[in-house]
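In what follows, a structure is listed as structure tokens, so that the remarks can point back to it.
The values are calculated or read from the model by the stated rules, or taken from the named source; none is laboratory data. None of these values were measured; they are calculated from a predicted model. We place every Cβ from the backbone using ideal geometry, glycine too, and count neighbours over all the protein chains shown.
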Amino acid sequence: MASKLTTSNRAGWLFALPGFGLITMFIVVPFFFAFWLSLTNQRLISPNPTEFVGLKNYEQLLSIGILELEPERDDSGAVIRDAEGNPQYPRVRSITRKNPDYPQYDGMREWFRWQSGDTAKVVVATDIVFWKSLRNTILFVLVVAPVQGGLALCLALLINQRLRGINVYRAIYFMPVVVSIVVVSLLWRFIYDGNDGLLNNILGALSFGMFQGRDWLGNADTALGSIMAMSIWQAVGFHMVIWLSGLQTISPTLYEAAAIEGASKWQTFRFVTWPGLRNTAILVLIVITMQAFALFAQIDVMTNGGPLDSTTTLVFQAVERGYGKQDISGGSTISVVLFLIVLTISLTQRYLTREK
Amino acid sequence: MKLKTTLGAALLASTGLVGMAHAQTELTMWYHGGGNEVESNILNTIIEDFNAAQSDWSVVVESFPQESYNDSVVASALAGNLPCILDVDGPVMPNWAWAGYMQPLPISEAALAGHLDSTIGRWDGQVYAVGLWEAAVALYSRQSTLDALGLRTPTLEDPWTGDEFMAALDAAKASGDFDYPLDLGMAWTGEWYPYAFSPFLQSFGGDIVDRSTYQSAEGVLNGDAALAFGEWWQSLFADGYAPGTSQDPADRDTGFIDGKYAFAWNGNWAGVATLDGGVDDVVFLPAPDFGNGSVIGAGSWQFGASGTCANPEGVAAFVEHALQDKYLAAFSDGIGLIPSTPEAAAMTKNYNRGGALEVFFGLSEGQALVRPVTPGYVVAAKVFEKALADIANGADVADTLDAAVDEIEADIEANSGYGH
């Protein structure tokens, strides 16, 4: 292999040069840049010289801890309870803000808490917005990757038939992919509108007025779900085409043989189609995972990360910090963390789907 | 022979052209109003007049869409590619001046006499940029609404108190005639939040940063006054007085005209559209006074010299030329902005005595408070915007304001105090 690449292969290298050059310049070099910047205090605009700060940015980003809150007690030592019998706790900020007794929690904020007996366990982090972004991003990937991949496969199976006008359906399913994601996001903002959006109107009409309109993007409980649904719809056509190309590489003789053997439809799918789609499946899964981790445009256009950080994502935070808040080092740190996460997942996926 | 003469003539003509171009030094200029034809035409008239009026400088303009203007400037500054004349948004100016993207403007104080103070961008004791206009915000309503609800018309001298304002909202809510009593413009994300809403905080007695040192926000953005402001702000949304962060942008633009809202907190730039939209009895009321005076934001787009410009005196000459009352009036008539001198105001359609928008000139003169004059404002504004959005969406007021203070202070520290 090595000899093939090195001996008398000047033309080959020459052909590869534009691609390699561009990848190096716009992907490899910027990555090393980001890694270096994450170890400094680089600002976007500043007359101050850049200083090396070591791992401070990572410490700032990743510090997380659990705080055990004892309920407040009255003079006799009994727990003070409110009208519903819930114990009363001191405010977390009284411990984490400039309290010399708890230096380890200084500057941290509450992410979430749970009860254990009368003690409240509070997860506190220096940068809760980062942790919320991480949670949202992972949730997005976990929902979008299987649902979008599965839906795309169903669509591909449906349109992989010789019917009159099937190309019209292919074109229709593919159309959202061709439209700019910004335009799609703007349109869906109108669809999700809380007052008289299309979705509320349709649901209202279908349920004969039973359905109470809701503010899909303005409610922390439904915002991320709404963006997931819209994102799945938008890119499903792209993956459908990839599945379709995979389906069409499967030899028709295999189907004929299966029919002669008397295989049912499910058996044909399970033992002919699915094994034939193995490599396509790996590709689709990896591509969707990568794209889902890079979620940005929909957030930027539709919610700006709100309400209450319920839709903020890692890439959105990287951009918001680097450009919005002029903190290039902070943005780079998030990028490096994201890179490590995606790398780990890709390697795991590769290991799990390797040729045995 | 003939060919030789032609060539010779051509040579002469071309050297002549070059000679003429050499006589005037070219000054490049960037402008934020790309896509707005009226605005571009007025600016081009000013530039043509200036280029024709003197022989030293020749200004060449390039326009950018406003949304991407600041990004373009920062990107080209990093690449060392700035134009000579830079158009800058008032509150951003200290940031660019501090970073060295701008240099002091050698303009004579005489040229600035009589201009609204908030149109002159000063940083570190020097003038860096000067604006041709100002913008102001007022509480839009209809006279018929005020009459129907039995409300007193507040004036500059005697604005509504916070209680009167809430009583007015309650009355509008009780009437049942409106979707919401008040439209704050929550759909306009970005600079609108600190520009339009930090004056409420200031009227309560708080601020975004402590303006005495610009090194801290503790006690200012999270003190008792700020907490009171935060509780009030949250109640506007929790109690259904105003639409929240997910407001439809279209409702923001036309909701008041369509009668969906009794009151709207909006800028003078929307005044003409409101009148054209058929709201004949629109009234522009001053901001309510929550205890520390009735306050509105100030500072709009201004012109200055970039840090790499070799001819700041040329920039100053252009700005002095552009500051003539006739141009201020032309901009005002064209795009509805408030001219920066009373003389120019008298020449305009809308801001002269008895003009439809005259009241805005008074608001700018009487209540305007510029946003914190510090390079750190750019980041503090972002933090403030997020805090207000979170509080509107129901986040704990004290925790959110504390977190905002921490973030602003961390940023100031990371920038070694921003040179104050």
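The residue that is farthest from residue B:316 (Cα to Cα), among those in the stretch B:128-145 that are of a type outside the set (D, E, K, R) and surrounded by fewer than 21 Cβ atoms within 10 Å (Cβ to Cβ), is B:144. For the stretch B:135-157, the set of residues classified as charged (D, E, K, R) and out of contact with any strand residue (DSSP E or B) (no Cβ under 9 Å at 6 or more places or on another chain) consists of B:147, B:152, B:157, listed by residue number. Close Cβ contacts (under 7 Å, 6 or more residues apart or on different chains) running from residues in the stretch B:133-155 that are in the same structural domain as residue B:284 (by TED's automatic domain parsing) to residues that are charged (D, E, K, R) comprise B:142/B:281; B:143/B:281; B:144/B:281. With respect to the conditions (1) without any contact (Cβ under 8 Å) to a residue 60 or more places away in the chain; (2) outside any helix (DSSP H, G or I); (3) within 14 Å of another protein chain (Cβ to nearest Cβ), residue A:210 lacks only one, and its number is (3). Filtering the stretch B:57-80 to residues that are closer than 22 Å to residue B:315 by Cα and acidic (Asp, Glu) leaves only B:62. Restricting A:24, A:50 to residues that are part of a helix (DSSP H, G or I) and among the polar types (S, T, N, Q) narrows the list to A:24. Residues in the stretch B:285-299 that are hydrophobic (A, V, I, L, M, F, W, C) and out of contact with any Pro (no Cβ under 7 Å at 6 or more places or on another chain) were compared, and the one that is nearest to residue B:358 (Cα to Cα) is B:298. If we keep just the residues of the stretch B:97-142 that are among the small types (Gly, Ala, Ser) and at positive phi, which is modelled with the lowest pLDDT? Among them, the one singled out is B:114.
Just one of (1) hydrophobic (A, V, I, L, M, F, W, C); (2) within 14 Å of another protein chain (Cβ to nearest Cβ); (3) not in a helix (DSSP H, G or I) fails for residue A:187. It is (3). Summed over the stretch B:395-410, residues that are touching a helix residue (DSSP H, G or I) at 6+ places or on another chain (Cβ under 7 Å) and either in contact (Cβ under 8 Å) with a residue 60 or more places away in the chain or more than 7 Å from every other protein chain (Cβ to nearest Cβ) (or both) total 8.
Criterion first (among the polar types (S, T, N, Q), within 29 Å of residue A:245 (Cβ to Cβ) and touching a Ser or Thr at 6+ places or on another chain (Cβ under 9 Å)) does residue A:326 satisfy it?
no
The selection criterion, being of a type in the set (A, V, I, L, M) and within 14 Å of chain B (Cβ to nearest Cβ), does not hold for residue A:342. Before we move on, is residue B:371 without any contact (Cβ under 8 Å) to a residue 12 or more places away in the chain, within 24 Å of the chain's Cα centre (by Cα) and more than 10 Å from every other protein chain (Cβ to nearest Cβ)? Against the criterion (without any contact (Cβ under 8 Å) to a residue 12 or more places away in the chain, within 24 Å of the chain's Cα centre (by Cα) and more than 10 Å from every other protein chain (Cβ to nearest Cβ)), residue B:371 does not qualify. Across the stretch B:252-268, the qualifying residues are those that are within 14 Å of another protein chain (Cβ to nearest Cβ) and within 16 Å of residue B:177 (Cα to Cα), and the one among them that is nearest to the chain's Cα centre (by Cα) is B:255. The sole residue among B:179, B:183, B:170, B:224 that is surrounded by fewer than 16 Cβ atoms within 10 Å (Cβ to Cβ) and closer than 17 Å to residue B:139 by Cβ is B:170. Looking at the stretch A:181-221 only, could you name the residues that are within 30 Å of residue A:281 (Cα to Cα) and either in contact with a Pro (Cβ under 9 Å, 6 or more places away or on another chain) or of a type in the set (Val, Ile, Thr) (or both)? Result: A:181, A:182, A:183, A:184.
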